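This report refers to the structure that appears directly beneath it.
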Amino acid sequence: MIADMHANLPPNRIRVVAMLVAVVVVSTAVCQAEVDPTVIEAQRARVEAIRRGSNAAVSIFAGESGGGSGVLLTPDGYAATNFHVVQSSGPAVTCGLADGRLYDAVVVGVDPTGDLALIKLLGRDDFPCAQLTDSDDVQVGDFCFAAGNPFLLATDLRPSISAGIVSGVHRYQYPAGTILEYADCLQVDAAINPGNSGGGLFDAHGRLIGVNGRASFEKRGRVNVGAGYAISANQVRNFLGGLRSGRLCDHAALGATVSTSADGRVVVSDIVESSDAWRRGLRYDDEIVSLAGRPVRTVNAFKNVLGTLPAGWQVPLVVRSGGRRREMLVRLEAIHSPATLAKLAGGSEDGGPQPAATPTARELPAAVRERYEHRAGFANHHFNRLERDRVAAALAAVRDAQPAGPWVLAGRLASGAEFRIELSDASASIDLPTGTSTVAVDDELDRQPVPPGSGGLLPALVLWRRLVVEGPAAVGRTIFWGTAPRTPATFAAGGSADLVDVLESSVAGVVARFAVAADGRVLAIDLWCQPDADPCEVRLSWEDAAAIGAMPTRIDVRRGDVPFAELLVDPVAAGATP
Amino acid sequence: MRHLLVLLVVGGLMLAATAVAGEPTTLQQVAAVAARKVVKIYGAGGVQGLEGYQSGIIISSDGRIATALSTVLDSDGLDCVLDDGRRFEARLIGVDPRRELAVLAIEAVDLPAFTPREERVTAGTRVLAISNLFGVAVGDERASVQRGVVAAVVPLEARRGAADAPYTGDVYVLDCTTNNPGSPGGAVVDSQGRLLGILGKELRATASGIWLNYALPADELARGCAAILAGTAGSPLATSATPLDLRSLGLVLVPDLLARTPPFVESVVPGSAAAQAGLRPDDLVIAVGSRAVASCDAVQRAVGGVPEGDAVRLSLIRGGVIVECDLGPRPAEVKRP
């Protein structure tokens, strides 16, 4: 059962804080006599940690639909909470902070499957916020505390603190239907009660290790039973980009189910033949060795890894089949169809955040009204605009260093043979040893997946140049998609991935995703000429990482499992044509 | 005083000061070492709110496992999953019906095992409770670790349903919510990982009806296990929810055809306990002990809940008058030959 927030209990002033205060009082009284300095130091550190956690804690009041907790992540007011806290609140909620003040807040993005939501508190750019830490470092036995709004007690807006230890790590809690799944979560014995949902779980240093959201409420009613669960900070980090995009975020599916074989191995028991995993060669009875860099020894471990990943990411999958170990890169699909997700997110087919949430249903505060834009597939499209403009600004910052006219990229393939690419507003061509290909840039691009076998390298390069030279607005309908790992290698060590921004453009019959680094460089392009086929994958790299604005020195092209070309660009030959 | 303060303020950190070389020094290490000696047990259940899983603690390196005596063990296919994920078929060696303990055996060697700490601890002692609560850990996932304090050392006054708990000796009452589904049989250890007790079955306090968080002290556990292994703990009585059939008392009620068939006596087997107690056909049973019963089903359940050795007392209405009948001590039933 989920710790949803519809607590209708009368306000109550009892506070766990009182217990902590008592400890402080006792220690103050006794330390007059003689106290080990390490004790004083430990207590000081604990008081400081709880102060930090309290300051970042948000008490959410969602009117008649209840409320819950949240935790501030950025100085400009982005705060995490549970999806089920804002599920029926509409786009606006009211938030209280420990400073005793109320703030308007707007729902930014939701992830129904992972029970996460992002809201933005309005009115300040210097909010106290929590620091997300690597939740894979958390150990059973670690001190932890929750700061939140249990039973909606925080009528004076100061959060309640409940302390405990971490009881378990990498826990798996089954979803309710297909949503509200808690994978790879933290289990704590700190009291998690209705109303704590969405609040922060902090470590001994006051760093954020998770977002509380669930408890084992079974026999004893809807109160703490010594087993609460928090979404890990690493999962929050994986979804933050998607949440900031304002999209309705979905979780990943492999396209295959696994089960434990008689000899205890985790093997593929069913697989969808239209999935990327199938196209990459995953088959029945293959043993899963690792996923996204994490070893898989049980079905739960598999669900734990998969459950923390957003749909659309490409992750390494290691399998053993026929006595052979194979590594493949698998593009994860979504659990739900867009229509189903929209329905789960709020009941309306087109995916406004909530049925009662249409702005006409309830008068929104002016500050929220300015920051809310209804659009199918989004919780709040306003924030997609903001993020797209942010990435556009990063691209623009290096635009002046790029040639404005036609581009030429020339050099040698890995085989030593020469290549030459010419890109301009009006035309595009590529010379390879296998022949010359051109693209009519004003025609439908999905009908020109050239050079043959590449899946659309030349259209991808055309759109790349257009994005760099003219900006996102020039590349069809472009949205901020979210974030994705910089390279699959960032999964190798497990833990949290190195994430970069991703734009998605629909234009001239194709869909392209561009990975854009913070410095404005486009690192990768994936281009689909057909929706359910392998895209053309273009990876750009620079020998000199500091050469921002210069042409890439290497372009790797592959489609599916098949490398198409390694283009080693001659920096002297590259640039604008004279 | 200073030591107490250290305990209060830094909890696990103080372990460094008292631990002997080579022993776990941090709370994290204590939890990790102790959890290796806790197993997950899977057996009967999974229906009507009865969980099919609980916890156990390894008490010998050659595979003896102590656990709570419960309906989970009422299965021919008991499985134990160790902390490292290894799964073993378990055999029930024996039970201690009074302490509600059982000892299982698995075919394994060189297991990490607990040595129960014989001396009692006092209220105020910091403890860790380690168990398979809510069955949340599976395979090689570590059992759940909770921390708390021994709040009191007091005689157990508790019941489960209509039945009083047979054990009435001292238990450690804990200040944390340790006794959940799946917890029975889990370990309670001190700040150095020494075994202080075993988590008991889910029970409610007789006086208040609230769920109890408690553990059977390690000395009682040791005595119970020794008695089981010596074969002197008592017969392995039935552990099912309604172990005692009315017919073994010689009492036959009217056919139970309705949802709440009034519990009239249909017939009494001559020479049986019921006959000796003077029951007659057409008597209406209204109470078993102090528990009111309004249906055939309720009589069966109430009689089934009478602990072995306790008197079975019935209150009847006969010709408009309340009559009390004592059927004598409840006979033991041997479930398995």
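Points to keep in mind about this one:
- In region A:407-421, of all residues being buried (at least 17 other Cβ atoms within 10 Å of the Cβ) and more than 14 Å from residue A:557 (Cβ to Cβ), the one that is nearest to the chain's Cα centre (by Cα) corresponds to A:407.
- In region B:270-294, residue nearest to residue B:306 (Cα to Cα) [restricted to those that are among the β-branched types (Val, Ile, Thr) and part of a strand (DSSP E or B)]: B:288
- In region A:511-534, the qualifying residues are those that are assigned to a loop (DSSP other than H, G, I, E, B) and among the aliphatic types (A, V, I, L, M), and the one that is nearest to residue A:554 (Cα to Cα) is A:517.
- Complete set of residues in region A:429-478 that are in a loop (DSSP other than H, G, I, E, B), more than 28 Å from residue A:392 (Cβ to Cβ), in contact with a helix residue (DSSP H, G or I) (Cβ under 8 Å, 6 or more places away or on another chain) and of a type in the set (Val, Ile, Thr): A:450
- All conditions in (1) within 18 Å of the chain's Cα centre (by Cα); (2) in contact (Cβ under 8 Å) with a residue 60 or more places away in the chain; (3) within 14 Å of another protein chain (Cβ to nearest Cβ); (4) farther than 14 Å from residue B:198 by Cβ hold for residue B:71, with the sole exception of (3).
- If you filter region B:164-173 down to residues that are surrounded by fewer than 24 Cβ atoms within 10 Å (Cβ to Cβ) and touching a residue at least 24 places away in the same chain (Cβ under 8 Å), you find that the one that is farthest from the other protein chains (Cβ to nearest Cβ) is B:169.
- Each residue in region A:198-227 was checked for being modelled with pLDDT under 95 and touching a strand residue (DSSP E or B) at 6+ places or on another chain (Cβ under 9 Å), and 13 pass.
- Residue that is modelled with pLDDT of 95 or more, under 25 Å from residue A:41 (Cβ atoms), of a type outside the set (Val, Ile, Thr) and buried (at least 18 other Cβ atoms within 10 Å of the Cβ), where the choices are B:35, B:31: B:31
- Checking residue A:10 against (1) surrounded by fewer than 18 Cβ atoms within 10 Å (Cβ to Cβ); (2) modelled with pLDDT of 90 or more; (3) farther than 23 Å from residue A:117 by Cβ, the condition it does not meet: (2)
- Residues of region A:412-441 satisfying the condition of being over 18 Å from residue A:462 (Cα atoms) and in contact (Cβ under 8 Å) with a residue 40 or more places away in the chain: A:412, A:413, A:414
Matching residues to (1) outside any helix (DSSP H, G or I); (2) farther than 27 Å from residue A:261 by Cβ:
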{"site": "B:31", "(1), (2)": "no, yes"}
{"site": "B:40", "(1), (2)": "yes, no"}
{"site": "B:62", "(1), (2)": "yes, yes"}
{"site": "B:75", "(1), (2)": "yes, no"}
{"site": "B:79", "(1), (2)": "yes, no"}
{"site": "B:84", "(1), (2)": "yes, no"}
{"site": "B:88", "(1), (2)": "yes, no"}
{"site": "B:95", "(1), (2)": "yes, yes"}
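- Yes/no for residue A:164 being under 12 Å from residue A:230 (Cα atoms), within 9 Å of chain B (Cβ to nearest Cβ) and outside any loop (DSSP other than H, G, I, E, B): no
- Matching option when the condition is surrounded by fewer than 23 Cβ atoms within 10 Å (Cβ to Cβ), within 27 Å of residue A:340 (Cβ to Cβ) and away from chain B (no Cβ under 11 Å), among A:177, A:213: A:177
- Residue that is surrounded by the most Cβ atoms within 10 Å (Cβ to Cβ), among those in region A:257-290 that are under 30 Å from residue A:376 (Cβ atoms) and in contact (Cβ under 8 Å) with a residue 24 or more places away in the chain: A:277
- Residue count for region A:74-108 satisfying the condition of being outside any strand (DSSP E or B), without any contact (Cβ under 8 Å) to a residue 60 or more places away in the chain and polar (S, T, N, Q): 1.
- Selection of first residues in region B:74-86 that are away from chain A (no Cβ under 14 Å) and hydrophobic (A, V, I, L, M, F, W, C) and of second residues that are crowded, with 17+ Cβ neighbours inside 10 Å and not in a loop (DSSP other than H, G, I, E, B), restricted to Cβ pairs under 6 Å at least 6 apart or on distinct chains, gives the following pairs, ordered by first then second residue: B:78/B:90; B:80/B:39; B:80/B:41; B:80/B:88; B:80/B:90.
- With respect to being modelled with pLDDT of 95 or more, within 12 Å of chain B (Cβ to nearest Cβ), within 30 Å of residue A:103 (Cα to Cα) and touching a Ser or Thr at 6+ places or on another chain (Cβ under 9 Å), residue A:147 falls outside the description.
- Counted residues, region A:326-347 - those being crowded, with 23+ Cβ neighbours inside 10 Å and more than 17 Å from residue A:307 (Cα to Cα): 3
- One residue alone among A:269, A:261 is more than 14 Å from chain B (Cβ to nearest Cβ), touching a strand residue (DSSP E or B) at 6+ places or on another chain (Cβ under 8 Å) and more than 27 Å from residue A:489 (Cβ to Cβ), and that residue is A:269.
- Checklist (1) closer than 30 Å to residue B:232 by Cα; (2) touching a helix residue (DSSP H, G or I) at 6+ places or on another chain (Cβ under 6 Å); (3) surrounded by fewer than 22 Cβ atoms within 10 Å (Cβ to Cβ) applied to residue B:60, failing item: (2)
- Just one residue in the set A:139, A:131 is within 14 Å of chain B (Cβ to nearest Cβ), surrounded by fewer than 23 Cβ atoms within 10 Å (Cβ to Cβ) and either out of contact with any Asp or Glu (no Cβ under 8 Å at 6 or more places or on another chain) or not β-branched (Val, Ile, Thr) (or both); that residue is A:139.
- Within region A:235-274, the set of residues being closer than 25 Å to residue A:531 by Cα and assigned to a loop (DSSP other than H, G, I, E, B) comprises A:245, A:246, A:249, A:250, A:254, A:255, A:272, A:273, A:274.
- Checking region A:326-348 against the condition returns a match, with at least one residue being part of a loop (DSSP other than H, G, I, E, B) and modelled with pLDDT under 90.
- The test for being within 14 Å of chain A (Cβ to nearest Cβ) and modelled with pLDDT under 95 does not hold for residue B:116.
- In this structure, residue B:141 qualifies as more than 21 Å from the chain's Cα centre (by Cα), crowded, with 18+ Cβ neighbours inside 10 Å and of a type outside the set (Lys, Arg).
- Taking the numbered list (1) more than 14 Å from chain B (Cβ to nearest Cβ); (2) part of a strand (DSSP E or B); (3) out of contact with any Gly (no Cβ under 8 Å at 6 or more places or on another chain) in turn, residue A:231 passes all entries but (3).
- Check on residue B:126, within 13 Å of another protein chain (Cβ to nearest Cβ) and either under 19 Å from the mean Cα position of the chain (by Cα) or over 28 Å from residue B:208 (Cβ atoms) (or both): no
The values are calculated or read from the model by the stated rules, or taken from the named source; none is laboratory data. If you're wondering where the values come from, they're calculated on a predicted model, not measured in any experiment. Here Cβ is always computed from backbone atoms with ideal geometry, including for glycine, and neighbour counts include all displayed protein chains.
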